[in-house]
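Data block below; observations after.
The values are calculated or read from the model by the stated rules, or taken from the named source; none is laboratory data. All figures in this text were calculated on a predicted structure; none of them were measured in a lab. Don't worry about glycine lacking a Cβ; one is built from the backbone with ideal geometry, like all the others, and counts go over all protein chains shown. Just so you know, the surface numbers come from the protein's heavy atoms only, side chains and all, with ligands and any DNA or RNA stripped out. Shrake-Rupley method; radii C 1.70, N 1.55, O 1.52, S 1.80 Å.
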Amino acid sequence: MKDTASISKYTGQKIKTYRKMKHMTLQQLADAIHKSRATVCKYESGEITLDIEALYDISEALDVSLGQLIDYRPPREKENVVVAEEHTGKSPFFRADRLYFYFYDGRYHRLKEALIDIRKNSILEDGCYEAFLSIHSTSPSGQSSEILYTGNVLYSDMLIRFSFSNRYNKLEQDLLYIFNPLELRDFTEGLLCGISSTDLVPCAFRCLVTLSPQTNFEALRQRLTLTSKELRRWQKYNMFIVNNNI
C-alpha cells in the first residue's frame, strides 16, 4: 500500500531543492505557475497532494523533468535484498535503483554525500540505463546546497560505470567506477574522476557507495582519507589505484 503522505512530502522536498538551485523565491515560483505563495509553500511541505497539471507546470518553471520530481522509492528491508539475491544470482548493486555515495574532500575538510538514482525502466541501450546524481554540500557558514548531475550507468560483471554531467554546466562531466562485490554486502569502493566545479581542473577521489544511508560520518572520513602506505604505493606505481580487497 502506497504512503501518499510520504510521496507528497518527498516530492515537495524535491521541488524546494530544485527551486533553491535555480535561486528562485517562493513568490517567483508561485508567479511562474499562477498559484499563490501559500499554495506553493504547502506543495513544498507536502501538505497538498499535487495533481499532474501542477507538477507539469512546476517542472517547466524549474527546468527539470517530471521524473526528477516524482522519483520516489519506498523503503525496503535488507532481508528483501538477500531474498532477491537468491532468486536472481545478481549482486544487490546490479538491481538497486538507489545508491548512497560518499567521498572526502580534503580541500575543505568535509565529507560529501550524494544520492544516485537509477531508472531501470529507461533503457538507453543494452545494459545501459538513465541515472541521476545529487551531491549535497554544506558551506563553512552552514548553508546547504545540492548539485544535480544527469547521465547513465553501464553494468559489467566486475565493474559498474556511471557517467554524469552537471545539469547547469555541461562542461563539468564526471565518471564514477565502482566494483561489483563478488560476495553479498552493503558497500563497495570506487573511483570518482572528472573536472572540479570549484577549481576547474581534473581531479579524482576515492569513494564509498552503499545500499543504505550511513550515519557514522567520522568512520567514513577515516576510511576515505588516504594513508601514508597508500601514498607510497601510488608513488611507486605512479598511478592512482583503488582496489576492492576490503
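A few points about this structure:
- Members of segment 100-119 found to be in contact with a Cys (Cβ under 6 Å, 6 or more places away or on another chain) and outside any strand (DSSP E or B), listed by number: none
- Scanning segment 228-242 for residues that are assigned to a helix (DSSP H, G or I) and open to solvent by less than 70 Å² (accessible area, probe 1.4 Å) gives Glu230, Trp234.
- Residue under evaluation Arg206, criteria (1) outside any strand (DSSP E or B); (2) open to solvent by less than 50 Å² (accessible area, probe 1.4 Å), criterion not met: (1)
- Failed condition for Thr138, given (1) under 30 Å from Glu44 (Cα atoms); (2) of a type in the set (S, T, N, Q); (3) open to solvent by less than 50 Å² (accessible area, probe 1.4 Å); (4) modelled with pLDDT under 85: (3)
- The requirement of being at pLDDT 90 or above, part of a helix (DSSP H, G or I), loosely packed, with under 13 Cβ neighbours inside 10 Å and out of contact with any Ser or Thr (no Cβ under 8 Å at 6 or more places or on another chain) is fulfilled somewhere in segment 30-47, by at least one residue.
- Leu171 open to solvent by 80 Å² or more (accessible area, probe 1.4 Å), without any contact (Cβ under 8 Å) to a residue 40 or more places away in the chain, closer than 23 Å to His109 by Cβ and not acidic (Asp, Glu): no
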